[in-house]
Structure formats: structure tokens, C-alpha cells
Amino acid sequence: VAQRAGLVPARLGLPRLPLRQPVQRPTPHPPGDDVWLFTGCVMDAWQRDVHLAAQGVLEAAGFGVRPTGDEAPCCGALHQHAGLSDRTRALAATVMAALPGPAPVLVDSAGCGAALKDYGRLLGTPEANAFSARVYDIQEWLAAHRDRLPEVAAGDRLRRRVAVQDPCHLRHVQRVHQATRVVLAPYVDELVELDDEGLCCGAGGAYSALQPDLAGQIRDRKVAAIERVSPDVVASANPGCSMHLAAAGVVTAHPMTLVWEALRHARAG
């Protein structure tokens, strides 16, 4: 509300929310318990459509999904970035208690996934290590189960040139960025790489708010790399990256959103 009213200074460099951001949005439904879908806080507030797409793709692959919702409201990643370690540990304990059992915990935000996988190191307990071992980036999980994903005919693929932007938390922390390509490739006409991949987009958690000038310079370098391959859309698996790039005019989409769109198009056809 403050941003739409013009009360947030532009110099802060904060990503702008969509002008038509709804006040109320559909809530993911819990049809099964094969896997948890971690919904978190930032993603659930600003990109719930990604959760809905992720759940649709998982269900199309035959997995029963239980979104975490308010049971596990925050992973603590931004608190850890800010050095609030005690608060991070408290949030980690809350998340672990809310998601008992052996079911895998799937995450569609690269930053959240990195934080959840780090609980073992953060808390240093056997329980935390066991929990972290259950956490998977959603593309990582689907790539390992790609035989369960529905196939689409060549004519039902998205007719778009898609560039993959690897969030640092996916490429350098989780080291599972190749899974994005494995999952996306069968559903789009053309998948292209950026020539500067491995370099940051400038978002960096709260970095773009605390250091807007430097973050803007880093983003300019990434935008130039994107322009060199002229994609129709940039696939980014992290909300911070996608919003930071979108604020510079880049058309972005989560990989799950693209896959779900292709699956729905194939069904409709």
C-alpha cells in the first residue's frame, strides 16, 4: 500500500510489486501428503501463483502435496543474512516442529531452500541434520523423478525463447542448478544460456535495499548479458532475483510457472 501511494523512496531500489497485486488470492489446497511444499513468507505474499503452479506440476507427476502455509511461516533466511542468528535458530526450530515425519520438503525459492538445507549446520543436532536431508529444491526433486512428468507434444511446447538465470543460492550453495534445465527443456521451444552465468544479479537478499547503487551496477551487468541472447522470458527460481530483474524491465517467470503453463496448454489442446 505504501509503495502504491508513492511513500517508498525510489532511491531505495526496492523491487516494485505488480500494480494489480490482489488483496485476496487462491490458497493452495492439501490433497495429499507425499511431499511438503514449503510456502514461506515472501513467496507466499508476493508470488503465490508460483506455489499454485508448483503444486499443479507435482500433482501432474502423481505426487500428493501438502503446502506448509502458516504451519511453517518463515525459514529465517533473511534473518540469517542480517546476522540475527538467535532469531534464525528459533525459526528453524519452529519449521522443524511443524513438518514432522519422513516426507520430503520441496522448496520453490532458492534462498529458502538453501536456508532449510543449512539447518543441520545451524543447529548442530541430529534432528536438524535429518531434517536438512529431507529438503530438496523443487527442480532438483522433479529432475530426479522426470520419468513421472507428463510428456507434451512438440506443438504443445511454449513457443518462447527462454533464458535461464541461476540464482546464487541455487548454483553456488545448493549446487543443483542443472536440474532447472532438465525440467524445463521438454516444455519450451528453445532454452538458452547466459554468457555470464555464475555471476550474481545484484539482489542478494536484502543487499539490493541496503546497497542500491552497487546492486544496480551488478544488475546492469546481468541485464546486458540477458539482452545479448534476446530471450522472450528469463526463468529464475528465486523471488529476490526475479523481482530485482523485473524492476529493471526484464520479463521473468519461475520455471514451475512455465512448466505448468505448458502442461495446461497440452491438456486444453
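A Cα-only calculation for the chain places Rg and Dmax at 18.1, 52 Å. When both the range 35-55 and the range 113-152 are represented by their alpha-carbon centers, they are found 16 Å apart. Split the accessible area of the chain by element, probe 1.4 Å, and carbon with sulfur accounts for 54%. Rounded to the nearest 20 debye, the dipole magnitude of the chain is 480 debye, with +1 charges on Lys and Arg beta carbons, -1 on Asp and Glu beta carbons, and the Cα centre as origin. Each principal axis of the Cα cloud of the range 159-254 was taken in turn, and the coordinate range along them, longest first, works out to 39, 27, 20 Å. Considering only trypsin sites (Lys or Arg not before Pro) in DSSP loops that have at most 14 other Cβ atoms within 10 Å, the longest stretch of the chain without any of them is 21-174. The label point for residue 172 and the one for residue 206, both projected 7 Å from the Cα toward the Cβ, are 2.0 nm apart. Taking GluC sites (Glu not before Pro) across the range 114-192, the ones in a DSSP loop with at most 16 further Cβ atoms lying within 10 angstrom of their Cβ are 151. What is the range 47-92 by shape, rounded, prolate or oblate, if you read a ≥ b ≥ c off the alpha carbon gyration tensor as root eigenvalues and call it rounded for a/c under 1.5, prolate for a/b larger than b/c, and oblate otherwise? Prolate shape, in that a/c is at least 1.5 and a/b is the bigger ratio. Give me the 1.4 Å probe accessible area per residue for the chain, excluding ligands and nucleic acids, in Å². Result: 47 Å² per residue. Stokes-Einstein diffusion for the range 67-135, with the hydrodynamic radius set to the Kirkwood value over Cα pairs and evaluated at 10 °C in a medium of 1.306 mPa s, equals 135 µm²/s.
Extension gain for the segment residue 221 to residue 185, taken as residue separation times 0.36 nm less the Cα-Cα distance, is 10.4 nm to one decimal.
The values are calculated or read from the model by the stated rules, or taken from the named source; none is laboratory data. In this text the structure is predicted, and so the values were computed from the model without any measurement. Methodologically, a virtual Cβ is constructed for each residue, glycine included, from the backbone with ideal geometry; neighbour enumeration extends over all protein chains shown. We work out accessible area using only protein heavy atoms, side chains counted, and drop any ligands, DNA or RNA first. Shrake-Rupley method; radii C 1.70, N 1.55, O 1.52, S 1.80 Å.
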